[in-house]
Amino acid sequence: MSSVYPDPDQPEPVDHFDRLPDSVLLLVFNKIGDVKALGRCCVVSRRFHSLVPQVENVVVRVDCVISDDDCSSSSCSSDKSRALVGPFSNLFRLVFGGIVKPLQALGQFLGPKRSVLNETLNSLSSSSLFVAPGVGDDGEMDHGGVTHHSPTQVLRNFNEIRFLRIELPSGELGIDDGVLLKWRADFGSTLDNCVILGAASVINNGISPEFGVGNGDDNGSIPETFYTNGGLKLRVVWTISSLIAASARHYLLQPIIADHKTLDSLVLTDADGQGVLCMNRYQLEELRVKPLSASSASKRTLVPALNMRLWYAPYLVLPDGVVLKGATLVAIRPSEQSASKNEVPDASWLSNAFEEPYGTAAKMLVKRRTYCLEMNSF
């Protein structure tokens, strides 16, 4: 039996990948973005390990929502694991701790149908979020023996993040099947603005005969039935719950913002596309120099007194034939920002808050009659 030995006279093969400059590798890492994939890159070589912390574009996907009952099992029982979970571990509990009781009261006010929403809120109020460092060989999350970290803990390995996106596994707000509810909120040290788009149902197969043809000629007025059949009360639930969800998300971002001075943009969204919280460079800096006001009722940012403008259409036929039944758009800004009650919101601000076809829906709704509302700080 003969052995094969390298020929000492032959030069070692050249690894052309090593000839790539660091700047090119950083471009690749920034395209990857995903924090777990970057973590795997760190263990490939010492060079990768030194370059990954310099990545500017990072995406953190929260892997799972685990109920507190499940956390009593061996996968979550250690004190170390609980300590590492960090401020994001109790996101659902914090969001709904201050909203469950108000919504229970509103649920009784709205009748039996809203009790379904209350049950969903109650079930989510005892849930926790976890980010694991990797996945099993089969692609599924392996909870056994895995230390779960919070996004705050994971991101401390990065030194130069400029663009950060955190994605929750789902929206916080439990809504009935077929209901459309989307919101976008911009924050500095407090709420700058919020836009909410909702519809009682979405019909994708064209115009239903019960709605007639087109968008109607009602002068944009809200029909009397809107006030008597619970329509207005339902929009109150949508508005309050969206604002509380947004303010809870904002509150939990504090340690990340404090740790990463290089941030230019921070987005906290969810896989359902239900809600998006955005902060730009100036808003991030504002939060650093002007501490936020926290709500005494729960761990969330205090929502200031608000001026709101509401647009409503019994049905809204979009250009692609999709029909939104009970379409509602709510534009929200702090009272101190509103120059006058007659101020007309910029339509582009409202439509750009949502992806198509919902941006078009916002443009169509804002052309209708405007209804003004006010809300006290909470």
(Q) Is the C-alpha gyration tensor of the range 253-378 telling us rounded, prolate or oblate? Criteria: a/c under 1.5 is rounded; beyond that, a/b larger than b/c is prolate, otherwise oblate. (A) prolate
Q | Relative packing of 370-378, 245-253, which averages over residues the other C-beta atoms within 10 Å, highest first | A | 245-253, 370-378
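Starting with the highest mean, order 313-320, 46-53 by the number of other Cβ atoms within 10 Å, averaged over the residues of each peptide. Present the calculation step by step, with values, prior to reporting the outcome.
Numbers: 313-320: 18.4, 46-53: 14.8.
Highest-to-lowest ranking by the protection proxy: 313-320, 46-53.
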Q.
Taking amide H atoms as placed 1.01 Å from N in the peptide plane, list the residues 5 or more away in sequence, or in a different chain, whose amide H sits under 5 Å from that of Tyr315.
A. Gly326, Ala327
**Q.** ³J(HN,Hα) computed for each position of the range 156-163 - Karplus, 6.51 cos²θ - 1.76 cosθ + 1.60, integer Hz, glycine/proline x
**A.** 5, 7, 9, 10, 9, 5, 10, 10
Q. If contacts are Cα pairs under 8 angstrom and at least 6 residues apart, what is the relative contact order of the range 239-378 in percent?
A. 23
Q | Protection-proxy order for peptides 258-267, 190-199, each taking the mean of Cβ atoms within 10 Å per residue, highest first | A | 190-199, 258-267
Q | For the range 264-279, Karplus couplings with θ = phi - 60° (6.51, -1.76, 1.60), whole Hz, Gly/Pro x | A | 9, 8, 9, 10, 10, 10, 9, 5, 7, x, 6, x, 9, 10, 10, 9
Q.
For Asp270, what residues show an amide H to amide H distance below 5 Å, using hydrogens built from the backbone and excluding near sequence neighbours?
A. Leu168, Gly275
Q: For Ser189, list long-range residues whose amide hydrogen, built 1.01 Å from N in the peptide plane, is under 5 Å from its own amide hydrogen.
A: Leu287
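Only the coordinates and a few stated rules stand behind these numbers; no lab work does. As the structure is a prediction and not an experimental result, all values here were calculated from the model. As a convention, Cβ positions derive from the backbone with ideal geometry for all residues, glycine included, and neighbour counts pool all protein chains shown.
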